Every structure is written in structure tokens, then in C-alpha cells.
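Following: one structure in C-alpha cells, then a few remarks.
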Amino acid sequence: MKVVIIFFSALALLSLAGNTSAKLVGRKASCNDALVGCPRIYDPVCGMDGITYSSECNLCAENRERRVPVLIKNYGPC
């Protein structure tokens, strides 16, 4: 009897666990404001503006230049 109760409790918890993921709109780039230039490493990020930036550092540099914070939509090209 206890095994059945534990089984159904675990099943209920597992079914609820699948619905807990929230869709994030965007993530703020982690910027080093002391950095003057960016290394020439290609690690693309897709901005919320639909532009592929060659690295997170280049997205930060563009944000500083435009003074408009573009968030990261996903890692990799758009």
C-alpha cells in the first residue's frame, strides 16, 4: 500500500516538474567595462535585435556605443 502511494506521489511530482520552465525573453550580456577592445575570438551570440554579434564582448561594445541595451536572445548565430 505504501509503495503505491509513493509511486503516485512521485508520478504527480514528475508531471508537475515539466511545466516549471519559464521562457526567458533575453539575457543581459556580461560586460567588462574596463576592457577597451575585444579579443578576436569568434563565439557568436544572437541579439534580440536579430543581429548576430561575433562575441558577447562585441555586443557589449555595441551597447556602449549605441547606449541601447541589446539583450542576448541565444548563443550561436541568429
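The values are calculated or read from the model by the stated rules, or taken from the named source; none is laboratory data. Computed from a prediction, not measured in an experiment: that's the story for all the values here. No Cβ is skipped: glycine too gets one built from the backbone with ideal geometry, and neighbour counts run over all protein chains shown. The accessibility values were calculated without ligands, DNA or RNA, using every heavy atom of the protein model including side chains. Shrake-Rupley method; radii C 1.70, N 1.55, O 1.52, S 1.80 Å.
Quick check, is Ile51 open to solvent by 100 Å² or more (accessible area, probe 1.4 Å), of a type in the set (Val, Ile, Thr) and modelled with pLDDT of 90 or more?
No; evaluated as a whole, the condition is false for this residue.
How many residues does the range 54-70 contain that are at pLDDT 90 or above and outside any helix (DSSP H, G or I)?
3
Give all pairs with beta carbons closer than 7 Å in which a residue from the range 50-66 that is over 14 Å from Asp33 (Cβ atoms) and touching a residue at least 40 places away in the same chain (Cβ under 8 Å) meets a residue that is assigned to a helix (DSSP H, G or I) and hydroxyl-bearing (Ser, Thr, Tyr); count only pairs at least 6 apart in sequence or on separate chains.
none
Taking the range 31-48 on its own, how many of its residues are touching a Ser or Thr at 6+ places or on another chain (Cβ under 8 Å), within 13 Å of Tyr75 (Cβ to Cβ) and surrounded by 13 or more Cβ atoms within 10 Å (Cβ to Cβ)?
4
Only one of (1) part of a helix (DSSP H, G or I); (2) modelled with pLDDT of 90 or more fails for Phe7. Which number is that?
(2)
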